[in-house]
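What follows is one structure encoded as structure tokens, with my remarks underneath.
Bear in mind these aren't lab numbers, they're just calculated from the coordinates by the rules spelled out. Fair warning: this is a prediction, and the values are worked out from it, not measured in the lab. Counting neighbours? That spans all protein chains shown, and the Cβs are built from the backbone with ideal geometry, glycine included.
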């Protein structure tokens, strides 16, 4: 009984000692009973430099106006898609830790106590009716020494999959930033379109008042009033539609940054510059830059490398493995001499035949490798197309900004001239309505040009693999000799 208790206490003390010793190296964000002995959390942080894990962070909305940088930070912290990508990356880090644990031995402590009733034969050969008590305890160790690369292959595969998970996390974060840019400037554009619709409504109302005054003075016909009323009704409808679109845009932005759709938001957007630099970078240089920086391509290449390691694992499944094991056992049974012994052994396991399972496992791993290689090639081609399209989209955006720079002022002046001529009896209501329509269209074109330019800048940075935050959108053009966007 005393030996049994000492052995159980020894096993428990050993387990507690191990837990305390490894806890010194635990991840600060891990639970006290989940130590990160293999530092997989640090490995993940190293692979996601520049990104902040949202777990445990409190990201409240700012009290004042929301800048683009603030909106991006909020989305990277609160958006469920980004948080899910972080969780997937942490999960893969844990898988790497599980694979690394194969280098260490496994230690198991067991103990039991039982009581048997009824007749039994004691050690002297006599029948005994007294209850028989049995207590046993064992401490067993098992350690794989060599398995022809299976263990190393699994670790390599897990490490490459962690690379892929980290790269996927970066890609998801960049896509989230793009969504913020689209939604943020979508609100700016929607608010501006609402203001433009109200301006058009006011101009149409003024034209209607002029037409009615001229009609009362006998200068113009009823047809002019009716045309002006029609134009005014159309302007009112456009203003109502613009108001609905603005509310929808605000709700979309609120959800993107991780808030309910009814969260009131006030934006502090930077004005579009009067002039933007022309794109002058070589397309080949941009594509090479994207090939180095695009996280989705890095993820595809890491998945291919994991598939290479999985081929090694599949082949090793048909090869021998060598392990050692040891155990110390204590058995105390009433009426029988105590047992207290130690066992140590070296084991060689040689697979002989498993129904060709290993051969087909290798075939499967090789096919998966071919699929991963094809997927990497597909992503590589997509990267080149993305850079190509984004470059010319931004170039078009630059030209549209230049083309609409003075359009609104010219159209507004033309509208003023037309209404003045109509009031003086020189022009017609058709001239007024045409000028008003041109002015309204010019305002819409300018607003859409500014929105398209802002989004094109973000899409270009995304195509180059640089849209990890708002910083690339706050400087100079990525396709120019300068390092950031305008």
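7 Å from Cα along Cα→Cβ at both residue 426 and residue 384: what's the point-to-point distance in nm?
6.1
For the chain, what does the helix formula give at 222 nm: sum of -39500 (n - 2.57) over DSSP H segments with n ≥ 4, over the residue count, nearest 500 deg cm²/dmol?
-22000 deg cm²/dmol
Please report, largest first and rounded to whole Å, the three semi-axes of the ellipsoid equivalent to segment 134-175, where each semi-axis is the square root of five times an eigenvalue of the C-alpha gyration tensor.
Here the semi-axes work out to 40, 18, 4 Å.
Provide, in order from the shortest bin, the percent of all Cα-Cα pairs of segment 221-263 in each 5 Å bin, continuing until the bin that contains the maximum pair distance.
5, 23, 14, 12, 11, 9, 9, 7, 5, 4, 2, 0
Quick one: divide the alpha-carbon radius of gyration of segment 82-145 by 2.2 N^0.38 Å and tell me what you get.
2.25
Could you tell me the convex hull volume per residue, in Å³, taken over the Cα atoms of segment 336-396?
Cα convex hull per residue, to the nearest whole number: 244 Å³.
For segment 308-419, state the semi-axes of the equivalent ellipsoid (square roots of 5 times the eigenvalues of the alpha-carbon gyration tensor), sorted largest first and rounded to whole angstrom.
Values: eigenvalues 1196, 128, 22 Å².
Result for segment 308-419: semi-axes of 77, 25, 11 Å.
As I understand it, the value is the acute angle between the Cα axis of helix 283-293 and the longest principal axis of the Cα atoms of the chain; what does it come to in degrees, rounded to 10?
40
Working from the pairwise distances between different alpha carbons, so that the mean of 1/r is found and then inverted, what is segment 96-225's Kirkwood radius in Å?
Value: 25.2 Å, from the Cα pair sum.
For the chain, what does the convex hull of the Cα positions come to per residue, in cubic angstrom? Show your work: numbers first, answer last.
Values: hull volume 120.1 nm³, N = 486.
Spread over its residues, the Cα hull of the chain gives 247 Å³ apiece.
For the pair residue 375 and residue 143, what calculated FRET efficiency results from E = 1/(1 + (r/R0)^6), where r is the Cβ-Cβ distance and R0 = 41 Å, to the nearest 0.05? Intermediate values should be presented prior to the final figure.
Numbers: r = 38 Å, r/R0 = 0.92.
According to the calculation, E is roughly 0.60.
For a quick protection proxy, order the peptides 397-408, 440-451 by their average other-Cβ count within 10 Å, most packed first.
Ranked from most to least packed, the peptides come out as 440-451, 397-408.
Report, to the nearest 10°, how far helix 68-78 tilts away from the longest principal axis of the Cα atoms in the chain, using its own Cα long axis and a range of 0 to 90°.
30
Please give the peptides 260-267, 151-158, 460-467, 94-101 ranked by average Cβ packing (other Cβ atoms within 10 Å per residue), highest first, as a rough proxy for protection.
460-467, 151-158, 94-101, 260-267
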